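Everything below concerns the one structure shown next.
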């Protein structure tokens, strides 16, 4: 798995978001951004960012990363992300590590990526897992590498699934089993909002986001391949059989309302830049929420944003109960009347 090819493999799946806390001027900037008036959004955010508002600083980082309202400037984006991250803005820290890695500062990015991986950021898990597998930037640790790659693969990152198959050829069965157990423990500690499930714009905390299109055009990503380890496999080791599927994490499954044959209500589970991410989340929730498969998924794309909804439901109360079950499984949810 070449560390030089990792960023290219991840760029197509990158989802960029804009924070919108309660502060009125920051919210006004978010509204302008969503309407395509990027210059107005930046004009509203800049003075707040300069006076230390972490959400405005994060948003300025996004603007410079995307080149909207300002010229694309990765160095400026990194500077704003860093300012927000120092104030505890986890999404800024996630983006800081990923962008530093993209710009070639792999050693400097690693501490940020490690913390992002612990929070459940799948791209960071992929990068850190690769580093630990190859012994690049950090001491080789095949158990943790396999655990991180397993979590990244379970999030739907195709490159991680390919890497797991490569790892299976070199990592002994006992270490893979330890890695699977570690992945299960990680899943219980990760923060859902930072592991791919978008947060509701209406919820006051944690920091609220809305999905935006990727900053770079999607392009076929080369499959990562192990490099360093290939020269020193375990002596006379034969390819080990594929590991057993990771044990499912036990989750609470609240009682759901009866599925209605018709109704004016649905629940919105998230908004994404890619339809595949919406379908991956629906698949994950079907495994965690008992009875969810009885509802109809609605995947609607408009203005470059794909929204995932489920229904129909006959009343607001039924929609709220369904949202409660979905939130208990680690995703955000919002009732919507159609």
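The values are calculated or read from the model by the stated rules, or taken from the named source; none is laboratory data. Because the structure is a prediction, the values reported are computed rather than measured. We place every Cβ from the backbone using ideal geometry, glycine too, and count neighbours over all the protein chains shown.
Here are some notes:
- The one condition in (1) part of a helix (DSSP H, G or I); (2) under 19 Å from the mean Cα position of the chain (by Cα) that residue 88 fails to fulfil: (1)
- Failed criterion for residue 70 (all others in (1) closer than 30 Å to residue 31 by Cα; (2) assigned to a helix (DSSP H, G or I); (3) at pLDDT 95 or above hold): (2)
- In summary, helices (runs of 4 or more DSSP H) completely within segment 93-177 and bearing 2 or more residues that are in contact (Cβ under 8 Å) with a residue 40 or more places away in the chain and more than 16 Å from the chain's Cα centre (by Cα) occur at 122-134, 158-167.
- Selected residue (criterion: nearest to residue 333 (Cα to Cα)) from residues of segment 286-306 that are out of contact with any helix residue (DSSP H, G or I) (no Cβ under 6 Å at 6 or more places or on another chain) and part of a helix (DSSP H, G or I): 288
- Any hit, segment 307-316, residues being under 21 Å from residue 157 (Cα atoms), touching a strand residue (DSSP E or B) at 6+ places or on another chain (Cβ under 8 Å) and outside any helix (DSSP H, G or I): yes
- Answer residue from segment 91-113, given it is surrounded by fewer than 19 Cβ atoms within 10 Å (Cβ to Cβ) and touching a helix residue (DSSP H, G or I) at 6+ places or on another chain (Cβ under 7 Å) and is farthest from residue 190 (Cα to Cα) among those: 103
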